[in-house]
Amino acid sequence: MLLGVIALAGCTVPEPSPSTTASATATATEEPFADAPELVPDGTADDNLPFFAEIVAQVWNGPDQASGRAYIDALTAAGFDKAAMEVTADESTVGNAAESIQFSVRWGDECLVGQVGPATGAPVSVVLPGLPDGGCMLGQTRPIDW
């Protein structure tokens, strides 16, 4: 009988000690987002591309991934200048959902440009040269009047 109890005792999983649990928790909560990108107000467009791309990815993974306004609102909330933004229409001229939506933020002489939609698959975020007229996109964009 004693042999059976010893055998069963050897099969139990030891509980983590309070010191192990506490140190693992402290380590996990000290710097949970140490490598998370941030807005660099005095930086270049390239410096801000990781943060821009992170915001774009967050919207893409949410319920409003086909809404240009959702990207503009999220970028504005993150600290980008709404007055420096452009966005294309969410729908075609005949009312169908757009195959892709583009949006941009002018940053000095360059532009942070994002593109999302069924035609692109995963979100695309790049830095491109700004246009001489001060904008970022060719063609017709929609007013950002909200």
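Details
- Subset of the range 58-72 [in contact (Cβ under 8 Å) with a residue 12 or more places away in the chain and either over 8 Å from the mean Cα position of the chain (by Cα) or farther than 16 Å from S100 by Cβ (or both)]: Q58, Q65, A66, S67, G68, R69, Y71, I72
- Residues satisfying the stated conditions in the range 109-127, i.e. assigned to a strand (DSSP E or B) and without any contact (Cβ under 8 Å) to a residue 24 or more places away in the chain: Q115, V124
- Selection within the range 78-108 - free of Cβ contacts under 8 Å to residues at least 60 places away in the same chain, exposed (fewer than 11 other Cβ atoms within 10 Å of the Cβ) and either among the polar types (S, T, N, Q) or part of a loop (DSSP other than H, G, I, E, B) (or both): S92, T93, V94, G95, N96, E99
All of the numbers you see were taken from the coordinates with simple rules; none came from a lab. In this text, all values refer to a predicted model and were calculated from it rather than measured experimentally. Heads up, the Cβs are rebuilt from the backbone with ideal geometry, glycines too, and the neighbour counts pull from every protein chain shown.
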